[in-house]
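Participant: Pasting in a structure now, in structure tokens, and then I'll have a few things to ask.
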Amino acid sequence: LSLISCKKENELIEVQIPDPEVEIVQTIFGNPVDVKVDEGGIFKMKGLKYAYDDLAPFIDAKTMEIHHSKHHQTYVTKLNEAIEKAPELKGKSLMELVANINAAPESVRTAIRNHGGGHFNHSFFWKLMSPDAKNTTASAELTAAINAKWTSMDNFKVEFAKSATGVFGSGWAWLIKDKENNLSLTTTANQDSPIMDIAAMRGKPILGIDVWEHAYYLKHQNKRADYVADFWNVLDWNQVSKWFVEL
Ligand code: MN
């Protein structure tokens, strides 16, 4: 914007009017690939395939940034600390550690359960979401398996949402499959995973939602059902379909 101002007689000058929008403070979010854990640690942070603000408005950027750079980072840091205290666990993959909680030395078993589970579950969760979710679809095989169990995709979504909203306190809701590709819904408390030997219902997760308040409270506050409804808008069905046929 500019105005023509008359400074002296016959002398016209152009003066700039400040654009009101420059007064708005812009929040700059970090880059997921910059999130690190201590150098010597076995497990690392891997970044994300999208930026913190790419899942907005369904999951807001601040929630994504804190969730990834603080919560997930802490699980990895503490998992590394636990392994330092139990060197016999060095060399085991994350999957091996998490699937065999009972085999962990007692002194670090709870830490492996909570922080190994936290690292595993969050790594899974980030891959499950995409800014391009609306262009993804469930494969024919996956759709058939969902229809066989729940009669339709819509019914499945209703039942999944019931599971997710039914978790008391912090935990996860999951769609899991067994070796015959039968699907089931299950939930876990805290950072337990259906792949754990201690899980009440074991299976391979192909879809899951983090229902800890840290996953949604900034945007959705106490309305977990709204968060679950928003989740469908960022769910990458191509990834779910891929996991359905793997293993
Ligand atoms: Mn979380």
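The values are calculated or read from the model by the stated rules, or taken from the named source; none is laboratory data. On a predicted model such as this, the values are computed, not experimentally measured, just so you know. Using ideal geometry, Cβ is built from the backbone for each residue, glycine included, and neighbour counts are taken over all protein chains shown. In case anyone asks, the SASA skips ligands and DNA or RNA and just uses the protein heavy atoms, side chains included. Shrake-Rupley method; radii C 1.70, N 1.55, O 1.52, S 1.80 Å.
Participant: Residue farthest toward the positive end of the dipole of the chain, with Cβ of Lys/Arg at +1 and Asp/Glu at -1: which of Met129, Thr151, Tyr216?
Facilitator: It is Thr151.
Participant: Counting only protein heavy atoms and a 1.4 Å probe, tell me what percentage of segment 89-247's accessible area is made up of carbon and sulfur.
Facilitator: Whole-percent figure for carbon plus sulfur exposure: 50.
Participant: Taking 30 Å as R0, compute the FRET efficiency from the Cβ-Cβ separation of Thr165 and Arg109 and round it to 0.05.
Facilitator: So, using R0 = 30 Å, E works out to roughly 0.45.
Participant: Quote the relative contact order of the chain in percent (integer), defining contacts as alpha-carbon pairs under 8 Å separated by 6+ residues.
Facilitator: Relative contact order comes out at 19 percent.
Participant: When the chain is fully extended, how far beyond the present Cα-Cα distance does Glu39 get from Asp132, taking 0.36 nm per residue of separation?
Facilitator: Full extension from Glu39 to Asp132 adds 30.1 nm.
Participant: To the nearest 10 degrees, how steep is helix 140-150 against the longest Cα principal axis of the chain, on a 0 to 90 scale?
Facilitator: The angle comes out at about 70 degrees.
Participant: Additional query: How much length would be gained if the chain were fully extended between Arg202 and Asn31, taking 0.36 nm per residue of separation minus their Cα-Cα distance, in nm to one decimal?
Facilitator: Difference between extended and current length: 58.1 nm.
Participant: What shape does segment 168-247 have by the C-alpha gyration tensor, where a ≥ b ≥ c are the square roots of the eigenvalues, rounded means a/c under 1.5, and otherwise prolate means a/b greater than b/c and oblate the rest?
Facilitator: Oblate.
Participant: Among the lysines, which fall within straight-line cross-link reach of Lys85, defined as a Cα-Cα distance under 19 Å, with same-chain neighbours fewer than 8 residues apart omitted?
Facilitator: Lys44
Participant: Exceeding 28 Å between C-alpha atoms, which entries from my cross-link table qualify? They are Lys78/Lys127; Lys46/Lys157; Lys46/Lys204; Lys70/Lys92.
Facilitator: Flagged as over cut-off: Lys46/Lys157.
Participant: Compute the Cα gyration tensor for segment 99-204, then decide on rounded, prolate or oblate, letting a ≥ b ≥ c be the square roots of its eigenvalues: rounded whenever a/c is under 1.5, prolate when a/b is larger than b/c in the other cases, and oblate in all that remain.
Facilitator: Prolate is the answer for segment 99-204, as a/c is 1.5 or above and a/b outweighs b/c.
Participant: Rounding to the nearest 10 and keeping the result within 0 to 90°, find how far the Cα-based axis of helix 73-85 lies from the longest principal axis of the chain.
Facilitator: Taking Cα atoms only, the helix is inclined about 40 degrees.
Participant: Taking the highest mean first, how do the peptides 118-128, 174-184 order by number of other beta carbon atoms within 10 angstrom per residue?
Facilitator: 118-128, 174-184
Participant: Once you've got the GNM for the chain with C-alpha springs shorter than 10 Å, pick whichever of Ile13, Ile28, Ile209 has the biggest mean-square fluctuation.
Facilitator: Ile13
Participant: Full extension from Ala225 to Lys85: what is 0.36 nm times the residue separation minus their Cα-Cα distance, to one decimal in nm?
Facilitator: 46.4 nm
Participant: Then there's this: How much area per residue is accessible in segment 95-167 when the probe is 1.4 Å and only protein heavy atoms are counted (Å²)?
Facilitator: Ligands and nucleic acids excluded, the result is 47 Å² per residue.
Participant: Please give the charge dipole size of the chain, origin at the Cα centre, charges +1 on K and R Cβ atoms and -1 on D and E Cβ atoms. Round to the nearest 20 debye.
Facilitator: Roughly 920 debye, rounded to the nearest 20.
Participant: Something else about it: Would you mind checking the tilt of helix 153-166 against the longest principal axis of the Cα atoms of the chain, expressed as 0 to 90 degrees and rounded to 10?
Facilitator: Roughly 90 degrees, rounded to the nearest 10.
Participant: Let me ask you something else. As I understand it, the dipole of the chain uses +1 on the Cβ of Lys and Arg and -1 on the Cβ of Asp and Glu, about the Cα centre. Which of Tyr227, Gly116, Pro194 lies farthest toward its positive end?
Facilitator: Positive-end residue among those listed: Pro194.
Participant: Using a/c under 1.5 as the rounded threshold, could you call segment 31-106 rounded, prolate or oblate? The axes a ≥ b ≥ c are square roots of the C-alpha gyration tensor eigenvalues, and prolate needs a/b larger than b/c, oblate otherwise.
Facilitator: prolate
Participant: In whole Å, what is the distance between the alpha-carbon centres of segment 182-247 and segment 68-127?
Facilitator: Result: 19 Å between the Cα centres.
Participant: Considering the zone a paramagnetic label at Asn155 would reach in this model (a point 7 Å from Cα along the Cα-to-Cβ line), which residues of segment 185-216 have amide N under 15 Å from it?
Facilitator: Answer for this model: 185.
Participant: How far apart, in nanometres, would the label points at Ser139 and Lys62 be if each is projected 7 angstrom from Cα along the Cα-to-Cβ direction?
Facilitator: So the label points at Ser139 and Lys62 sit 4.0 nm apart.
Participant: Between Ala189 and Lys46, what is the label-to-label distance in nm when each label sits 7 Å out along the Cα-to-Cβ direction?
Facilitator: Label at Ala189, label at Lys46, 2.9 nm between them.
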